Amino acid sequence: MEAAILTILALLFVAFVALGVYAAVKVTKAAKRGVDRTLDQARRTVEDTTLRAKSFGQAGAAGELARLRLSLRTSMRATQDALQAGVGQDASLKESLDLFHRLSAHGLELDADLKRLEREPDRAWVAGQLPELTARTERITSSADALRRAARDRALRFAEDDLSTLSAQIDVEAGALRHWTDPEPAPGAASACTEEPGRPTGNPAGATGRAADAGPRSEPSAITGPDPRLTAHPWEKSARPETTT
């Protein structure tokens, strides 16, 4: 009996240790991903700042290469962010995102070529390569911009259609809420109210007394509001009880 209890306790101890190790590994991996993401973002920010400074501060082939790299990176990053943000709400953007991934391969290759040319000592040869590099950059950025703008226009169109449908439904509901007009009197009641020639005007004798006996007339239920003391809304504060002396 004691051996069985010891075995169970040993198994529980091993299970708790294994669970603790697994949790520690998961937390470590999550922290590492967060650190890597932060470092990548910082590195991209530094590179973009450096390229922007070179594009404005250097003339010739070096400044043009920096301008091409900055234009390429800005366009590709903006398109990637737009597609990844919209694919969760619009599943049809998944195909567009797949096309962008294929376009990204060409963009990465071009960025690597431009980066290598920045270290090329023969500036005359680099200047001769600039027209072809500019054309490649414009083709890739134009395709990325087309995907991004199409995704944005699609989202705006869906939002506009939803807003139009919602506005129409609200107009119908508002019209229904305002439908409190009294019904038109029946033809018989209208003829009864018409005074006959020679009949004296005013209420007949005893009409006033009967009206008084009948009690107060009730308003139509469509326009009679509920008793505010019996209705509680979540945005209203409950009334404080009066203190008695």
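The values are calculated or read from the model by the stated rules, or taken from the named source; none is laboratory data. The structure presented is a predicted model; accordingly, all values stated were derived computationally and were not measured. Note that we place each Cβ from the backbone using ideal geometry, even for glycine, and neighbour counts take in every protein chain shown. To get the accessible areas, we keep the full protein, side chains included, count just its heavy atoms, and leave off ligands, DNA and RNA. Shrake-Rupley method; radii C 1.70, N 1.55, O 1.52, S 1.80 Å.
Side notes on the structure shown:
- Residues that are more than 30 Å from residue 126 (Cβ to Cβ), aliphatic (A, V, I, L, M) and free of Cβ contacts under 8 Å to residues at least 40 places away in the same chain, drawn from the range 60-110: 85, 87, 91, 97
- Filter result for residue 151 (of a type outside the set (S, T, N, Q), open to solvent by less than 60 Å² (accessible area, probe 1.4 Å) and more than 17 Å from residue 67 (Cα to Cα)): yes
- Boolean, residue 42 is in a helix (DSSP H, G or I) and closer than 29 Å to residue 151 by Cα: yes
- Among the candidates 78, 53, 3, 85, the residue that is open to solvent by 60 Å² or more (accessible area, probe 1.4 Å) and within 30 Å of residue 153 (Cα to Cα) is uniquely 85.
Results for (1) more than 23 Å from residue 149 (Cα to Cα); (2) charged (D, E, K, R); (3) part of a helix (DSSP H, G or I), shown as yes or no for each residue.
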| site | (1), (2), (3) |
| --- | --- |
| 35 | yes, no, yes |
| 55 | yes, no, yes |
| 63 | yes, no, yes |
| 73 | no, yes, yes |
| 121 | yes, no, no |
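- Applying a threshold of 8 Å to beta carbon distances and a minimum spacing of six or more residues, or different chains, the list of pairs starting in the range 154-165 at a residue that is exposed (fewer than 10 other Cβ atoms within 10 Å of the Cβ) and ending at one that is of a type in the set (Lys, Arg) and at pLDDT 85 or above is empty.
- Condition met for residue 136 (over 20 Å from residue 86 (Cβ atoms) and either surrounded by 10 or more Cβ atoms within 10 Å (Cβ to Cβ) or in contact (Cβ under 8 Å) with a residue 12 or more places away in the chain (or both)): yes
- Scanning the range 59-94 for residues that are of a type in the set (Ser, Thr, Tyr) and at pLDDT 85 or above, we see that the one that is nearest to residue 115 (Cα to Cα) is 71.
- Members of the range 111-125 found to be without any contact (Cβ under 8 Å) to a residue 40 or more places away in the chain and aliphatic (A, V, I, L, M), listed by number: 112, 124
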